[in-house]
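Only the coordinates and a few stated rules stand behind these numbers; no lab work does. Note that the structure is predicted; figures quoted are calculated from it, not measured. Here the Cβ positions follow ideal geometry from the backbone for every residue, glycine too, while neighbour counts run over all protein chains shown.
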Amino acid sequence: MRLEDILFSQGFGTRRVCAGLIQQGHVQVHGQTVVDAGEFFELEGLRFKVQGEDWPFAGQAYLMLNKPAGTECSQKPSTWPSIYTLLPAPLRQRPQKAAVQGVQAVGRLDQDTTGLLLLTDDGKFIHKMSSPKHHVPKVYEVTTKHPITAEMVDRLLTGVVLDDDPQAVKAAACEAVGELHLRLTLTEGKYHQVKRMLAAVGNRVEGLHRSRIGGLALNDLAPGQWRWLTEEDLSLLKP
Ligand code: URA
C-alpha cells in the first residue's frame, strides 16, 4: 500500500495531511525517513514512526483500556470526561465506512465503574461480543456497603428478578472474598446489572471494578492506560 494511504487508514488525518507529514520528514519506516508519499510498503508486520512515535499497522484495531473512575463511555459525555480522551488521536480518527469514526467501546461501564473495557473499530466483533448468545463471562470485583451474607450469595446464584424483566437473572459464579468484597461473574450485560442485582438482595454497590472478560485479565495495566490486544488476547475472548 502507498505510505500516504497507510497513514490515512490508521487515522493520521486526510490524505493531504498524511502526504504533508511524509513530505516534511515526520515519518520513518524500518528506521529510515521516507519522504515519498507514494512509496509502497508490505502491510504484514509493518511498523512505522510518526513524529517519533512508534505504531504497528493494524487492519482493524483491538484495544483494552483500564477505565478510570469518573469517565463516561460516550463520545458525547454529559457530565464526566469521555474515555475516548484517553486514546491518541489516530485511534479516535481511524476512517470508517459507518457514520462513526475510530474505535468504539464494546459495551459500556458506568461512570463510577473502573476496569477492563475493550475497544475496536470492528463492528462485527462488537456485535458478536454484545450478542446475548455470546456468553463470555465477565468478572466484577464488587465492594458492598453492607456485609455479604451466605443468603445473599445464594440468591445471586439462584436468580433475582430485576424491575424491567420478569425473567430472573443469576450470576454464573459468586464468591464472598471479604466481608464487603464480592467476586461476581455474569454472562449477560443488562443496564446497571451488578448494582441492580445487589440492590435486589438488600445490599448496595459502593465500588465496582471489572477485572476480567473471558480469559483476558486486566493484570497490571494502570488506570487510564490502554494497550493493543494480541492474537493470543483475542483468542482468550472466545466463549
Ligand atoms: N453492572 C453495573 O451495574 N455497572 C457497570 O458499570 C457494569 C455492570
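In table form, for the structure just shown:
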| item | result |
| --- | --- |
| Amide H within-cut-off set for THR114, under 5 Å, with H built and near neighbours excluded | LEU208, HIS209, ARG210 |
| Amide H contacts of ALA172 (H built 1.01 Å from N, under 5 Å, at least 5 apart or other chain) | THR185, LEU186, THR187 |
| Charge tally in the Cβ shell below 9 Å around ARG204, where Lys, Arg are +1 and Asp, Glu are -1, ARG204 excluded | +1 |
| Residue pairs, from the table LYS49/LYS124; LYS67/LYS138; LYS67/LYS145, whose Cα atoms sit over 26 Å apart | LYS49/LYS124 |
| Highest average packing first - 38-47, 77-86, Cβ atoms within 10 Å | 77-86, 38-47 |
| Value of D in µm² per second that Stokes-Einstein yields for segment 138-213, Kirkwood Rh from Cα pairs, at 4 °C (1.567 mPa s) | 108 |
| Cα-derived Rg over Rh, computed across segment 1-41 with Rh taken as Kirkwood radius | 0.91 |
| Estimated [θ] at 222 nm from DSSP helical runs (n ≥ 4, -39500 (n - 2.57)) normalised by residues in the chain, nearest 500 | -5500 deg cm²/dmol |
| Burial order of peptide ranges 63-76, 139-152 (average beta-carbon count within 10 Å, highest first) | 63-76, 139-152 |
| Area projected by the alpha carbon convex hull of the chain, averaged over all directions, nm² | 14.5 |
